[in-house]
Amino acid sequence: MLLTPIVCAAILAREWRWCELATLTAAFAALAAKDPMVVLARQHFVWRQRHPETTAAGKWLAGWIVVLILSGLVLVAAWPLKAIVAMGLGVCIFSALAVAINVKNRQRSTLFQIVSAAALTSSSLAISLSATGAIARWCWWLWLLMAMQATAGILVVHARLDARVASRGALPATAQFRRAAQISLSALACAAVTATILGHGWIALALVVVVMGYEYDLRGQRNPADLQIPLKMVGQRTLALSSLFSLLLIIGFW
C-alpha cells in the first residue's frame with residue numbers, strides 16, 4: 001500500500017527529479033520508524049522493567065530519524081511551504097496514532113487498517129508533488145481509487161478470517177465484515193459505471209477486475225475447503241489482484 005502508489009505516480013508523472021528519491025526514502029523511513037517507536041513507548045508506558053530490545057530500538061529510531069531529516073532537507077528545498085507543513089503534520093499525526101494503537105494492541109482494528117490504507121496510498125500525492133512541483137489532478141483520483149481498492153481488500157480478508165473462525169466452531173458466524181465488504185465492492189462498481197460514462201474504459205476495466213476478484217473470494221468463503229487455503233496464498237492472490245489493478249490504472253491514466 002506504500003510502494004505501489006509510489007511506483008504508479010512516478011510512472012504517470014512522466015517526469016523525473018532527484019527529490020522523488022528523497023520522497024521514497026522519507027516515506028520508507030517514516031514507516032520503518034514506527035516499530036522502534038512502539039517499543040520505546042511500551043517501555044515508557046507499559047513495561048515496569050527495562051527490556052533488552054529497548055536499547056536496539058533507540059538506535060534504530062535514531063538512524064531512521066537521521067534518514068528522515070536528510071530526506072526532509074531535500075524536500076524543503078523542492079516543495080512549497082504549505083505542502084511541507086501539510087505532509088509533515090499528516091505524517092506526525094498518523095505516526096502518533098499508529099504507535100498508540102500498537103501500544104494498546106489494537107493494530108488489528110479494521111477502522112485503523114482502513115485509515116492506514118488511506119494514509120499509505122497518499123504516498124502517490126507526495127511523488128506527484130516531487131515530480132511536477134504540484135499535485136496533479138489525476139493523482140487525487142489515483143489516490144482515491146487505490147485507497148478504495150485497499151479498503152475493499154482489507155474488508156474481504158476480515159470476512160475470510162471471520163468465516164475461518166466460525167468454521168471451526170470457536171465463535172458464531174457473523175456477517176458484519178461480509179456486508180461491509182459487499183458495500184465496498186458496490187462503491188467500486190459504481191465508480192466503474194461512472195468511469196465508463198466518462199469514457200475512461202481502462203479505469204473502468206481496472207475497477208471491474210478488482211470487483212470480480214474480491215467477489216470471487218467472498219463466494220469462495222462459503223466453501224469450507226476454500227477456507228483451508230493458507231493465508232499466505234490468499235495474500236499472494238490479493239497482491240496479484242492489486243498489482244493487476246495498478247497496472248490497468250496506469251494504462252487508464254496515461
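Listing for the model above:
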| item | result |
| --- | --- |
| Helical mean residue ellipticity (222 nm; -39500 (n - 2.57) per DSSP H run of 4+; nearest 500) of the chain | -27500 deg cm²/dmol |
| Dipole of the chain [Lys/Arg +1, Asp/Glu -1 at C-beta], most positive-end residue of W140, A29, V165 | V165 |
| Region 1-150, relative contact order [Cα under 8 Å, separation at least 6], % | 40 percent |
| Nearest-10 value in Å² for the accessible area of I93, using the 1.4 Å probe | 100 Å² |
| Surface/4 of the Cα convex hull for region 122-171, nm² | 3.8 nm² |
| Kirkwood-based shape ratio for region 1-65, expressed as Rg/Rh from alpha carbons | 1.19 |
| Mean Kyte hydropathy of -0.5 or more with a Cα span along the axis of at least 30 Å, helices from DSSP in the chain | 53-78, 81-103, 137-167, 176-197, 231-253 |
| Compactness of region 114-254 as Cα Rg over 2.2 N^0.38 Å, two decimals | 1.14 |
| Kirkwood hydrodynamic radius of region 1-147, from inverse mean 1/r over distinct Cα pairs, in Å | 16.1 Å |
| Dimensionless Rg over Rh [region 149-214; C-alpha; Kirkwood] | 1.14 |
| Accessible area of the chain divided out per residue, in Å², using a probe of 1.4 angstrom | 56 Å² |
| Calculated over region 97-140: convex hull of Cα atoms, volume per residue (Å³) | 69 Å³ |
| With every protein chain in place, the chain: carbon and sulfur % of accessible area (1.4 Å) | 70 percent |
| Charged-residue dipole, Cβ positions (Lys, Arg, Asp, Glu), the chain about Cα centre, Debye nearest 20 | 700 debye |
| Square roots of 5 times each gyration tensor eigenvalue, C-alpha, region 91-188, largest first, Å | 31, 18, 7 |
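The values are calculated or read from the model by the stated rules, or taken from the named source; none is laboratory data. Predicted model, so just to flag it, every value in this text is computed and none were measured. Methodologically, a virtual Cβ is constructed for each residue, glycine included, from the backbone with ideal geometry; neighbour enumeration extends over all protein chains shown. Just so you know, the surface numbers come from the protein's heavy atoms only, side chains and all, with ligands and any DNA or RNA stripped out. Shrake-Rupley method; radii C 1.70, N 1.55, O 1.52, S 1.80 Å.
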